[in-house]
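Here the structure comes first, spelled out in structure tokens, and everything after it is commentary.
Just so it is clear, none of the values below were taken in a lab; they were calculated from the coordinates. Note that this is a predicted model, so its numbers are computed, not measured. All Cβ positions, even for glycine, are placed from backbone atoms using ideal geometry, and neighbour counts span all protein chains on display.
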Amino acid sequence: MSASEPAGYAVLEGLIGYAFRDRTLCESALTHKSWLNERHGAARTDNERLEFLGDAVLALAVSDMLMKRFPDRSEGELSKTRAALVSEVGLAKAAEGMGLGEWIFLGRGEDQAGGRRKPSILSDALEALVGAVYLDGGFTAAHEVTERLFAQALRDADSSVRFDFKSRLQERSQALLQATPQYSVVGQEGPDHDRRFLVAILLDGREYGRAQGRSKKEAEQSAAAQALEVLDRGAPPTGEG
């Protein structure tokens, strides 16, 4: 579906396993604020409020799924796994897996800047979509959609250490670079009730990634995941610290 035409919902509904009764909810969930900024007076809302709701719905659904799948794990282990699954990196990975970027309504500038592949936009849209399912069909429907979207991630979660990106990076960076990761908050945005932190990660004085999160810890985990990907690819870091 193009960014300007509300077509192809049936394909998207097939991917998430849910058919909307009110497709305007789906439409709003997929509408980035940049699209509305270019279409003043459009009879539509952006996805920020649905994202706020979807964040809470996802947290509850994922918590329930983890409790049932891992009855012997401690609260700390469950919290760590949940944080990884619903982090920006985890959500963006799930969104990429279903090609969600193709359905997002983006402004021309954001689209040309690669917005359909940006983790922040993808993760927000996925949260908004789950929020829209919740409003349209209730928690049971939202739970079922969440189970479908995170099926592979839950299989991967059979080893909780996989999701402790900071610990894994600590080990890898010491082995490869003899360097200790340094985390720095480089930006904040949003109101107090929905604050976002932007964290950059440095290894040996060079930046290996930066990521956003609703807490400093979440942003640090996401940034560490990015740095691990850079190390795994053998790619050069993004720049000087």
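Data table
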read-out: Helix 216-233 axis, angle to the chain major axis (alpha carbon atoms, nearest 10°); value: 70
read-out: The chain - mean residue ellipticity at 222 nm from DSSP helices (-39,500 (n - 2.57) per run, n ≥ 4, rounded to 500); value: -17000 deg cm²/dmol
read-out: The chain, relative contact order [Cα under 8 Å, separation at least 6], %; value: 20
read-out: Per-q log10 I(q)/I(0), segment 74-151, q = 0.26 Å⁻¹ (Debye; single scatterer per alpha-carbon; no solvent); value: -1.20
read-out: Label point at Val186 placed 7 Å out along Cα→Cβ; residues across segment 101-129 whose backbone nitrogen lies under 16 Å; value: 119-120
read-out: Exceeding the 23 Å Cα-Cα cut-off - candidates Lys68/Lys166; Lys118/Lys216; Lys33/Lys217; Lys33/Lys216; Lys68/Lys118; value: Lys68/Lys166; Lys33/Lys217; Lys33/Lys216; Lys68/Lys118
read-out: Electrostatic dipole magnitude of the chain [Cβ: Lys, Arg +1; Asp, Glu -1; Cα centre; debye, to 20]; value: 260
read-out: Farthest toward positive dipole pole in the chain [+1 Lys/Arg, -1 Asp/Glu at C-beta], among Ile104, Leu53, Leu169; value: Leu169
read-out: Answer label for Rg/Rh (Cα atoms, Kirkwood Rh) (calculated), chosen among [x] 1.34; [y] 0.98; [z] 0.95; value: [y]
